[in-house]
Amino acid sequence: MESKRLEIFDVGPCKDGFEMGFLIGQRFSTMIKSRLQNDLILQKQMLPFAQSPQSIPLLTSLSQTNMNTYPVYWDELRGTAQGSGSSFLEIMLVNFRKEILPFIPKADDTNDDCSDILVVGESVAVAAHNEDANVALVGHTYLIKGSLRNGVSFTAYTYAGELPSCAFGFNSHGLAFTLNSVPPMRHEIAAGGVGRNFVSRDLLEAQNIDDAVARICSSEASVGHSYNLIDVNTRRIMNVETASRNRCSFHEVGAVPFFHANMYLHLREQDENSLSRQKRATVLPTASRSDFMSLLGDNNNDEKYPIYMTGPLLHTLCTAVVDLDGKTLSIIEGNPKEREASFVFPIS
């Protein structure tokens with residue numbers, strides 16, 4: 001399954017968050033509506049739940065918390081809904097997927113499973129990331145190049161209808177990031193806390209790794225996440241694993257290649273899918289950038305959970321490569337061991 005080439009939209013500076021969201025929604029209206037219509041988890045699980053009395057306390061708390069904490073980004077959501085002509089409820093639900101699904105009885109979520117290989121050595125400093133998602137997301141992503149009124153600009157890989165970016169991005173401060181979801185335990189979720197999409201949107205404005213860590217660890221997040229923070233100016237990569245109730249754990253990446261999938265490595269428990277990819281990664285060579293591309297492109301048919309995914313449920317949408325020495329972010333559409341980059345962006 002192949003997706004069409006990514007579209008890029010330059011937006012801003014805008015007078016406020018609503019205008020930015022409105023312009024994005026207007027530009028990608030057809031794609032956003034298609035994504036919402038074809039998202040079976042949204043249509044068959046989340047919407048029925050949202051229309052039940054049991055959902056009212058959770059949705060009210062999520063709305064109030066995130067509106068109060070991130071009013072500008074909340075307005076971006078409102079603008080995206082209005083600009084695209086979509087239901088605000090549906091836009092809100094897809095942005096709070098991970099915060100809501102654990103509260104839906106028998107809910108099934110196969111939305112995202114990403115893989116990263118990270119290294120900062122004497123001769124190579126690279127962060128390479130497979131962006132994996134439900135196959136319904138194929139053809140429903142775009143790139144936002146946003147300019148803010150304070151002079152900061154960012155580039156963010158964005159799922160249709162969601163805040164930039166629940167995947168990866170970078171800004172004009174030289175700060176980049178990639179993300180790995182981690183499975184939350186039901187009893188550990190802080191119901192109605194800050195949504196992960198709002199935290200990652202906030203990272204697009206971080207000045208450096210320390211600022212990014214502060215934004216992550218002070219967010220009172222509802223569920224956990226894994227953040228790979230990359231600073232091309234200081235030649236650093238840090239992995240931050242989080243859980244609810246402000247729990248954070250840190251790993252500074254060095255010369256030993258560090259592979260991260262969708263499980264906690266230095267905070268807590270693991271899952272079968274990620275364990276399989278983690279185990280496979282340990283037997284593949286990781287001495288050079290080409291080795292990293294081969295690793296992320298590995299689709300060994302003997303593996304139940306390959307690193308490079310082609311369905312039937314999960315699909316690798318693209319591969320992002322941050323070269324810290326070259327100060328670039330490249331996006332490869334297709335298997336990274338077979339394809340060249342479709343885009344190469346300078347990170348200033």
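The values are calculated or read from the model by the stated rules, or taken from the named source; none is laboratory data. As the structure is a prediction and not an experimental result, all values here were calculated from the model. Only protein heavy atoms, including side chains, enter the accessible area calculation; ligands, DNA and RNA are left aside. Shrake-Rupley method; radii C 1.70, N 1.55, O 1.52, S 1.80 Å.
Residues PHE170, PHE103 ordered from highest to lowest accessible area at a 1.4 Å probe: PHE103, PHE170. Computed over the chain, the per-residue total of -39500 (n - 2.57) for DSSP H runs of n ≥ 4 gives a 222 nm mean residue ellipticity of -8500 deg cm²/dmol, rounded to 500.
At a 1.4 Å probe radius, carbon and sulfur cover how many percent of the accessible area of the range 292-348? Carbon plus sulfur share of accessible area: 45 percent.
Tell me, what % of the accessible area of the range 6-87 is carbon and sulfur with a 1.4 angstrom probe?
On the way: 2080 of 3930 Å².
Answer for the range 6-87: carbon and sulfur cover 53 percent of the accessible area.
Per residue, the accessible area of the chain comes to 39 Å², computed with a 1.4 Å probe over protein heavy atoms only. Note on the range 144-260: antiparallel DSSP beta bridges, both residues inside, total approximately 95 percent of the bridges counted. The range 6-77 and the range 121-136 have their alpha-carbon centroids 26 Å apart.
Under a Gaussian network description of the chain, with springs only between Cα atoms under 10 Å, the residue in ASP298, ASP325, ASP132 that fluctuates furthest is ASP325. The C-alpha atoms of the range 85-165 occupy a region whose extents along the principal axes are 50, 36, 24 Å, arranged from largest to smallest. The fraction of Cα-Cα pairs per 5 angstrom bin, counted from 0 for the range 136-205, comes to 3, 15, 23, 22, 16, 11, 7, 2, 0 percent, rounded to whole percents.
A straight chain from ASP211 to PHE9 at 0.36 nm per residue would run longer than the Cα-Cα distance by 70.0 nm.
Estimated at the nearest 10 Å², the accessible area of LYS337 is 100 Å² with a 1.4 Å probe. In the chain, the DSSP beta bridges split such that about 90 percent are antiparallel, to the nearest 5. Can you grab the distance from the C-alpha centre of the range 306-345 to the C-alpha centre of the range 160-202, Å, no decimals? Centre-to-centre distance over Cα atoms comes out at 20 Å. Of LYS44/LYS98; LYS33/LYS145; LYS98/LYS145, which pairs sit farther than 18 Å apart, going by alpha carbon to alpha carbon? Result: LYS33/LYS145; LYS98/LYS145 exceed 18 Å.
Looking at the range 1-157 only, what percent of DSSP beta bridges run antiparallel? Nearest 5 please. The answer is about 75 percent antiparallel. Across PHE177, PHE88, PHE292, mean-square fluctuation computed from a Gaussian network of the chain (C-alpha pairs under 10 Å connected) peaks at PHE88. Both radii are taken from the alpha-carbon atoms of the chain; with Rh as the Kirkwood radius, Rg/Rh is 0.93.
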